[in-house]
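Inspection log for the structure reproduced underneath, given as structure tokens.
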Amino acid sequence: MSIYFFNTMGRVREEFKPLNPGEAKLYTCGPTVYNFAHIGNFRAYIFEDLLRRTLKYFNYKVTQVMNLTDVDDKTIRDSRAAKISLNDFTAKYKQSFFEDLKTLNIDPAEVYPAATDHIQEMIALVQALMDKGFAYQAEDKSIYFSIAKFPQYGKLARIDMENQRAGARIKTDEYAKDSVADFALWKAWDENDGDVCWDSPWGKGRPGWHIECSAMSMKYLGKTFDIHTGGIDNMFPHHEDEIAQSESANGCRYVNYWLHCDHLIVNGEKMSKSLGNFFTLRDLEKKGYAGAELRWVLLGTHYRKKLNFSFDACEQARTVLKKFNELFLRLKEVNGSGGDEDIKTFAAKCQSDFAAALGDDLNIAEAAAAVFALQHEANRLIDLGKLSPAGAETVRAQFRDFDKIFAVFNVDNAGEAEVPAEIMALAEARFQARKSKDFAKSDALRDQLKSLGWVVEDASGGFRVKKI
Ligand code: AMP
Ligand code: ZN
């Protein structure tokens, strides 16, 4: 079965054809570790997780590289303000980033290279650009890429180069399209950098932001690789500059498929640190939302559409996941009898719809529709007493398969995960007392559980604990 992606380069839907059959090499721009990532950032990482999981679902061997930007204008500015060394400052946010990935059940990439561990690779790449005449040293001693030497500059972001000011230079890492200019590859040290600097053939300084992704992707994935992703704001200048650097230095195409996700917005505006309208994952956890609920919210909108974040959406996610949980509990107890073949056929149809939706440029809404269809059918059959234990297992197996992508379903442990151990122990003691017909004891334990806010129900051959 084929996968189709919308390639930002060319703005067309294309069949995915990897360089090596059966393998997918993927570079995803990672966090700038100067603060806790906000859920807008996680929208991008969840989209990339969906991409990665889909490639795996289609049996590709995936090699994903995600960089950690631990030296740039912002990390230096904020570590200096905090009077902490750059390394100690970024270490804290690297750690919290990995914790947050776990909370959201984002599968880890194969490699997380940090920029500061690859300064020599970056210097070598800048040197190659100097040697080939694509870069020059300016009066301020910094090295700039000359966009006039790369006539294809602007091909990704579709910038009209006719009306650009020739020879203008820009030193900051981030800038808007209306300041298209020669950009910094290597920044000569100045006082604002404090003690952050490395020696180079051009004097002490530090790399610009864009060069790290060119240098590190080349090291881990090769000069040309399959897929490069990021949020849409990364398209310009970051990805445009990566293309210019890599294709000029290597003389070959940099990336075959560019995928960009649209923004997460709040009240009509992009969520961003600079606007101050952001929630970190931790903010939302403190409000009582679980990782799975937030994952559902961040995953549910097609990646090329704006995702409107709201607390209503979080509440809806909670309700939806609760209903799935209820189904998984019911599935444990079914004892109906009926068309095992029919439910097999139905589940197989849901699976093929699910796969077709994912292969269609990661159409998550359609994929979810297939999941809901199976949920609906299973509940219907249970209501009619027409689902057998074997049929229930068919449904469960299909949900385990869906969960390779969604990673939010508690198919086998529904209802158990949230029950504290001491409550489980009391419930178990009550069950044993009942089994040995010590009803006085079992009733007392039932009352004790009730006073703690839990109700225990008997189920075939066991029991079930629920919050009151
Ligand atoms: P940064 O740490 O700013 O380099 O951003 C890390 C990733 O998050 C990049 O891929 C950005 O494009 C992405 N990003 C930042 N803000 C948002 C947002 N509001 N919605 C979606 N993606 C975002
Ligand atoms: Zn990047």
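The values are calculated or read from the model by the stated rules, or taken from the named source; none is laboratory data. In this text, all values refer to a predicted model and were calculated from it rather than measured experimentally. Note that we place each Cβ from the backbone using ideal geometry, even for glycine, and neighbour counts take in every protein chain shown.
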Open item on the list: What's the number of the only condition in (1) of a type in the set (Val, Ile, Thr); (2) touching a residue at least 12 places away in the same chain (Cβ under 8 Å); (3) under 24 Å from GLY205 (Cα atoms) that ILE84 fails to meet?
Closed with: (2)
Task: Per-region count, the range 197-251, residues within 14 Å of ligand 1 (Cβ to nearest atom), within 21 Å of GLU110 (Cβ to Cβ) and in a loop (DSSP other than H, G, I, E, B) - done: 0
TODO: Output the residues belonging to the range 354-364 that are surrounded by fewer than 17 Cβ atoms within 10 Å (Cβ to Cβ) and part of a helix (DSSP H, G or I).
DONE: ALA356
Open item on the list: Quick check on the range 97-110. Is at least one of its residues under 20 Å from ILE405 (Cβ atoms) and of a type in the set (Lys, Arg)?
Closed with: yes
Task: Condition check for LYS25: surrounded by 24 or more Cβ atoms within 10 Å (Cβ to Cβ), in contact with a strand residue (DSSP E or B) (Cβ under 8 Å, 6 or more places away or on another chain) and over 25 Å from SER310 (Cβ atoms) - done: yes
Task: Of residues in the range 23-61 being within 8 Å of ligand 1 (Cβ to nearest atom) and assigned to a strand (DSSP E or B), the one farthest from ALA357 (Cα to Cα) - done: THR32
Open item on the list: Among the residues of the range 380-400, what is the count of those that are surrounded by fewer than 18 Cβ atoms within 10 Å (Cβ to Cβ) and of a type outside the set (Lys, Arg)?
Closed with: 7
- [ ] Mind listing just one residue for me: the one in the range 188-237 that is touching a residue at least 60 places away in the same chain (Cβ under 8 Å) and of a type in the set (Phe, Trp, Tyr) and, of those, nearest to ligand 2 (Cβ to nearest atom)?
- [x] TRP209
- [ ] Within the range 321-334, track down each residue that is in a helix (DSSP H, G or I) and over 21 Å from the mean Cα position of the chain (by Cα).
- [x] LYS322, LYS323, PHE324, ASN325, GLU326, LEU327, PHE328, LEU329, ARG330, LEU331, LYS332, GLU333
- [ ] Hand me the list of helices (runs of 4 or more DSSP H) wholly inside the range 365-468 holding 2 or more residues that are under 29 Å from GLY291 (Cβ atoms) and modelled with pLDDT of 95 or more.
- [x] 389-406
